[in-house]
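For reference, the structure discussed in these notes is given below.
The values are calculated or read from the model by the stated rules, or taken from the named source; none is laboratory data. None of these values were measured; they are calculated from a predicted model. Note that we place each Cβ from the backbone using ideal geometry, even for glycine, and neighbour counts take in every protein chain shown.
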Amino acid sequence: MKLQFTSSAISDLKNISSYISDVLENPAAAQQLLSTLMTACTRLKDHPYLGVTLKQKYGIRKEGYCIACNRHLIVYKINPTTVSIIRILDTRTDCLHILRAFPMEKS
C-alpha cells in the first residue's frame, strides 16, 4: 500500500516539531520524535489494521482508525491502495473533541 499524509497531518507534524525544537529548545528530541512517528506511520503500509477503529476507541461514528505512538495518536483511513494519515494529535489534548469537530478529509 501507498502512504499519504493530509495537509492537516503535515501541519500537525510541523507544529509538533516546532514546539519541541523552538519552545522546549530541544531540536534533537524533536528530530527523534518525528523519526519515531514516521516509523509508526510507515509500518501502517504493511499492517494497516494494526490500529483500532475510532468507534472502538472513542465511540464516535467517523470512518477511520487510530494507533498510539508515544504520547501521540495517529489517525488514519484505509483506502483500497492507500493508507491516508489524517491527523497526528498529542494525547494530552482533548482528542475526542478535536476528532468530533474535524471533517475526515479525503486523501
Go through Arg100, Arg61, Arg92 for me and flag whichever is within 18 Å of Asn15 (Cα to Cα) and not aromatic (Phe, Trp, Tyr). Arg92
Is at least one residue of segment 62-71 under 14 Å from the mean Cα position of the chain (by Cα), of a type in the set (Val, Ile, Thr) and at pLDDT 90 or above? yes
Name the residue that is surrounded by the fewest Cβ atoms within 10 Å (Cβ to Cβ), counting only residues in segment 87-104 that are part of a helix (DSSP H, G or I) and in contact with a strand residue (DSSP E or B) (Cβ under 8 Å, 6 or more places away or on another chain). Ile98
Restricting attention to segment 1-29, which residues are part of a loop (DSSP other than H, G, I, E, B) and in contact (Cβ under 8 Å) with a residue 40 or more places away in the chain? Met1, Thr6
Complete set of residues in segment 37-62 that are assigned to a helix (DSSP H, G or I), without any contact (Cβ under 8 Å) to a residue 40 or more places away in the chain, touching a Cys at 6+ places or on another chain (Cβ under 9 Å) and surrounded by 13 or more Cβ atoms within 10 Å (Cβ to Cβ): Ala40, Lys57
If you go through segment 4-20 one residue at a time, how many are surrounded by 18 or more Cβ atoms within 10 Å (Cβ to Cβ) and out of contact with any Asp or Glu (no Cβ under 8 Å at 6 or more places or on another chain)? 5
